[in-house]
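Okay, structure first, notes after.
The values are calculated or read from the model by the stated rules, or taken from the named source; none is laboratory data. What you see is a predicted model, and the numbers here were worked out from it, not measured in a lab. Virtual Cβ from ideal backbone geometry, glycine too; neighbours counted across all protein chains shown.
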Amino acid sequence: MAAPVCVSCGASAPSSTFITSVRNSTSLSSHSASFCRFKFAIRNGAVFTQTGDTQFGIPALRINAVNVGEDEAKSSVRQAVAVDQNKVSTSSPPPPPSAPVKQETDVRVVQIAKDTITLRGRSIDRLKYEVEYGLKRGSTNNSYIIQGATASALIDVMDQAFADAFVKTLTSAVNLEAIKYLVLGHFSPKRVESLKAFLKALPNQGAPIEIFCSNPAAQLVTKFLADDGLENIYKIRNVRAGDVVDLGGGHELKFILTPTPRWPDGMCTYDSSTQLLFSQKLFSAHVCQSDDFDVGGWDAYGEDWRFYFECMLAPSAKQARIALERLNIVAQYAKPSYRDKKGVDVVKEDMKYIFSTVLRSLNLPVSKSLLSDGVVEKLVTTAICPIHGPVVRSTVTELIREYGVWTFEKLKQAEEATVAVIYASAYGNTTALAQAISRGISKAGVGVDTLNVEICSTEELKASLQRCSGFVIGSPTLGGHMPTPIQNALGVILVDEKAKSLPCGVFGSFGWSGEAVDLIEQRLKDCDFKLAFPTIRCKFKPTEATLQVCEESGTDLAQAVKRLKAKRGSESAPKFVVASNVEQAVGRVVGSLCVLTARSGDAESAMLASWVSQASFVPPGITVAVAKDRAVEGLVLVGAKFVLNVLGQNKSTAVAKELLKPFKPGEKRLEGLETREASNGGLILKDAISWMECTVKSRLETGDHWLLYATVDAGDLVDEKTLTAIHHRKTGARY
Ligand SMILES: Cc1cc2nc3c(=O)[nH]c(=O)nc-3n(C[C@H](O)[C@H](O)[C@H](O)COP(=O)(O)O)c2cc1C
């Protein structure tokens, strides 16, 4: 069967990205991807428009139904779209976007504990191109079903990429009649399709299904289900802290609200019977391996958890920390920490803890007097069940501990200096840009304060501006304008005298005219604000190259912030600092001068490297140290390919000079050098005396650098007469 084609933008796509089933309609061919604003029902040849968007107060577009044949119907829709777009903006409408790439996906069912199964939507390929998918290890989207004695609960519905298979698999795996509760720990427009399909698949039982979710999720559900005639099928229950629901058979679900600026609706669920924590985005990872559990432990998944945390939670470290404190989880077999206790008291605490754990696992009541300090309030967890990635069973203790360390480190960074990332986004494109900028800031060792202006108050914004040492502001263009919350935020920024002295930046996604970004930039310039990087304008969804520009811009801004701080600090410090004995000694460690080149999609970067060493005979392997704030860092994650070019003594100075020039974010670094493409996609320099095609196998965090271990998959010695250029240094405090 031919792929359906969107009547609005003309793009074809796999059926999973189209809404395919709507009450009473014979066919629906509207595009649900974020770049297409119009959704249409074609019902028996008549056309009904569904959307235009009411978010930010923009009125919905309505076209009257026309009783004509399907072809004619489609053509009248296209005309209406063109007319409307010209009304919204005077400039020409956008060309049709290219069709999304087809992904291999499936949904499988796995028993994870007594009465509890997970449905795992799996995508072996990278599902999306947002920064958090950078490790390219695929992705999973997990839903869970708990089957109690009197009722079953479904925890979360899947992303639209899995919508069809999700409901089909659910229907064959469980008795839908028993599902009395739906828990939505997170909800977004990308889950509307699955939610509707699930509600429609429910058998008519007289009583509506109860949806437990936070207030922000409840508002979204209400908005997106408004016109679907489903109101008798569900009933929303706004969860308050400490609410519980009893499924019978000991399965009592406790809800813990864990909002962050990125996911204001975040909510975790705990089942006291199985001691499973359904942790939503916390403890998630974008990875899809054949195992459903964390087989292989930290070695197999540590990098994935860390990377997801860095991309998604580090920019909201304050809220992530609060979430952890609210959850107050401890692994079932983890020892409590005794802080001030010593000797026999420690043994006593151990005994109490073991006894309490045994009682809990037998589901027997536990007396408070038997428990060590604070343990009674803790959620004892046998496994963590996140929305993305493996069910965590063997690494619970380590993962909880590392989350504690990571959030602590980020908060410490933020005490030194913070950049406020202020944005709004209707369809997630500006959010993706904000996320990439945040990663760039964070990897340069500066804290991020994320402010989604749709949910933060003016007071919070003002307080953040007082605290921060720099800021960025991002907006989509909707109806030729910036949305009202951004207008208000800009108003606050423009009258803030302190903000004027801070390095700042502007970014945003647009469709065809992009007035919002231009306006913000102009207003800031008019008021003498100091833009630290060229304004980022992104048409619809960002590509890898755009995300790279964002990340590098974030790093540039963070470095500007650090320079300013250092300048202020050094005004009182002595002018000449002599290298210490240690620094001079370390400086005598030398390495070959090389150029590392890496590419991913349309993103490309390179760096001069001299902290290079052979690390293995079989397979041939090398190590390279890459500074954490280096531009190329995001392109040499585990699994990435790169080329290491060794420079000879004859040409090293000229090549090094070329690479040590200042570069704008995303600027091609090898433009001035002659190169050819390697078979792994990297670039081989004509002036290299030897080159190696490498694959990153692991990364070790070493102070302010990442130490890459990479195997050498191919290579050649081009010039055997010229000796390798060696980098001699005066001090081990810099290159
Ligand atoms: C109702 C509506 C109105 C829009 N108006 C404009 C516009 O006037 N000019 C423009 O360049 N893009 C316009 N767009 C396109 C959005 O700016 C584009 O989809 C952008 O990627 C949205 O960013 P976001 O995902 O961060 O919300 C409009 C989109 C919608 C849905």
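Check whether at least one residue in segment 217-240 is assigned to a loop (DSSP other than H, G, I, E, B) and within 15 Å of Ala151 (Cα to Cα), and report yes or no. Step through it out loud before you land on a result.
Filtering segment 217-240 for residues assigned to a loop (DSSP other than H, G, I, E, B) gives 225-233, 239-240.
From the residues that got through so far, the ones that are within 15 Å of Ala151 (Cα to Cα) too are none.
No, that holds for no residue.
Provide a single number: the residues in segment 257-294 that are out of contact with any helix residue (DSSP H, G or I) (no Cβ under 9 Å at 6 or more places or on another chain) and either of a type in the set (Ser, Thr, Tyr) or at negative phi (or both). Before you say what the answer is, go through the steps one by one.
Here is the first cut: in segment 257-294, the ones out of contact with any helix residue (DSSP H, G or I) (no Cβ under 9 Å at 6 or more places or on another chain) are 269, 271, 273-274, 276, 278, 280, 288, 290, 292-293.
Pick out the ones that are also either of a type in the set (Ser, Thr, Tyr) or at negative phi (or both) and you get 269, 271, 273-274, 276, 278, 288, 290, 292-293.
Result for segment 257-294: 10.
So, in segment 667-697, exactly how many residues are small (Gly, Ala, Ser) and modelled with pLDDT of 95 or more?
Our first condition is that a residue be small (Gly, Ala, Ser); within segment 667-697, this holds for 672, 678-679, 681-682, 688, 690.
Among the residues that remain, those that are also modelled with pLDDT of 95 or more are: 678-679, 688, 690.
Residues that pass the stated criteria total 4.
For segment 555-662, please list each of the strands (runs of 3 or more DSSP E) lying entirely inside it that holds at least 2 residues being loosely packed, with under 15 Cβ neighbours inside 10 Å. Before you say what the answer is, go through the steps one by one.
Details: elements: 594-600, 603-609, 612-616, 621-627, 641-647.
Fully inside segment 555-662 and qualifying: 612-616.
Quick grid of which residues meet (1) in contact (Cβ under 8 Å) with a residue 40 or more places away in the chain; (2) loosely packed, with under 13 Cβ neighbours inside 10 Å; (3) closer than 17 Å to Arg599 by Cβ; (4) not polar (S, T, N, Q):
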| position | (1), (2), (3), (4) |
| --- | --- |
| Gly666 | yes, no, yes, yes |
| Arg669 | yes, no, yes, yes |
| Ser679 | no, yes, yes, no |
| Asp719 | yes, no, no, yes |
| Ala733 | yes, no, no, yes |
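Give me the pairs, please: first residue somewhere in segment 224-235 and within 15 Å of Phe187 (Cβ to Cβ), second residue anywhere and assigned to a loop (DSSP other than H, G, I, E, B), beta-carbon distance under 6 Å, and either six or more positions apart or on two chains.
Tyr234/Pro208
Looking only at segment 176-201, count every residue that is outside any helix (DSSP H, G or I) and at pLDDT below 95 and tell me the total.
We begin by selecting, within segment 176-201, every residue outside any helix (DSSP H, G or I); these are 179-188.
Remaining after also requiring at pLDDT below 95: 188.
Qualifying residue count for the region: 1.
I need the full set of residues from segment 455-492 which are of a type in the set (Ser, Thr, Tyr) and within 25 Å of the chain's Cα centre (by Cα), in order please. Please lay out each step first, then the result.
Filtering segment 455-492 down to residues of a type in the set (Ser, Thr, Tyr) leaves 457-458, 464, 469, 475, 477, 484.
Selection gives Ser457, Ser464, Ser469, Ser475, Thr477.
With the structure loaded, tell me whether Trp706 is under 27 Å from Val618 (Cβ atoms), surrounded by 19 or more Cβ atoms within 10 Å (Cβ to Cβ) and in contact with a helix residue (DSSP H, G or I) (Cβ under 7 Å, 6 or more places away or on another chain) or whether it fails that test. Give the steps one after another, and end with the answer.
Values: under 27 Å from Val618 (Cβ atoms): yes; surrounded by 19 or more Cβ atoms within 10 Å (Cβ to Cβ): yes; in contact with a helix residue (DSSP H, G or I) (Cβ under 7 Å, 6 or more places away or on another chain): yes.
So Trp706 passes the test.
Looking at Asp159, is it within 16 Å of the chain's Cα centre (by Cα), within 30 Å of Glu544 (Cα to Cα) and buried (at least 19 other Cβ atoms within 10 Å of the Cβ)?
Details: within 16 Å of the chain's Cα centre (by Cα): yes; within 30 Å of Glu544 (Cα to Cα): yes; buried (at least 19 other Cβ atoms within 10 Å of the Cβ): yes.
Yes; evaluated as a whole, the condition is true for this residue.
Residue pairs, Cβ under 9 Å, 6 or more apart or interchain, first in segment 536-551 and closer than 16 Å to Gly428 by Cα and outside the structural domain of Ala598 (by TED's automatic domain parsing), second assigned to a helix (DSSP H, G or I) and among the acidic types (Asp, Glu). List them.
Qualifying pairs under 9 Å: Arg537/Asp518.
Within segment 525-533, is even one residue within 16 Å of the ligand (Cβ to nearest atom), on the phi < 0 side of the Ramachandran plot and surrounded by 24 or more Cβ atoms within 10 Å (Cβ to Cβ)? If you could, list the steps in order and put the result at the bottom.
Of segment 525-533, the ones within 16 Å of the ligand (Cβ to nearest atom) are none.
No, segment 525-533 has no match at all.
Which members of segment 480-515 meet the condition of being hydroxyl-bearing (Ser, Thr, Tyr), more than 8 Å from the ligand (Cβ to nearest atom) and touching a residue at least 40 places away in the same chain (Cβ under 8 Å)?
Quick first cut of segment 480-515, residues hydroxyl-bearing (Ser, Thr, Tyr) only: 484, 501, 509, 513.
Pick out the ones that are also more than 8 Å from the ligand (Cβ to nearest atom) and you get 484, 501.
Passing the criteria: only Thr484.
Can you name every residue in segment 435-479 that is within 16 Å of the ligand (Cβ to nearest atom) and either assigned to a strand (DSSP E or B) or out of contact with any Pro (no Cβ under 8 Å at 6 or more places or on another chain) (or both)? Show your work before the answer.
Here is the first cut: in segment 435-479, the ones within 16 Å of the ligand (Cβ to nearest atom) are 435-438, 450-455, 472-479.
Hits for segment 435-479 are Ile437, Thr450, Leu451, Asn452, Val472, Ile473, Gly474, Thr477, Leu478, Gly479.
Could you count how many residues in segment 382-434 are more than 19 Å from Pro503 (Cα to Cα) and assigned to a loop (DSSP other than H, G, I, E, B)? Write out each step before concluding.
Initially, segment 382-434 is screened for residues more than 19 Å from Pro503 (Cα to Cα), giving 382-412, 424-432.
Now restrict to residues that are assigned to a loop (DSSP other than H, G, I, E, B): 382, 387-390, 393-395, 424-428.
Total satisfying the criteria: 13.
Go through (1) within 27 Å of the chain's Cα centre (by Cα); (2) away from the ligand (no atom under 15 Å from the Cβ); (3) modelled with pLDDT of 95 or more; (4) closer than 30 Å to Arg669 by Cβ for Glu544 and report which single condition fails.
Failed condition: (3).
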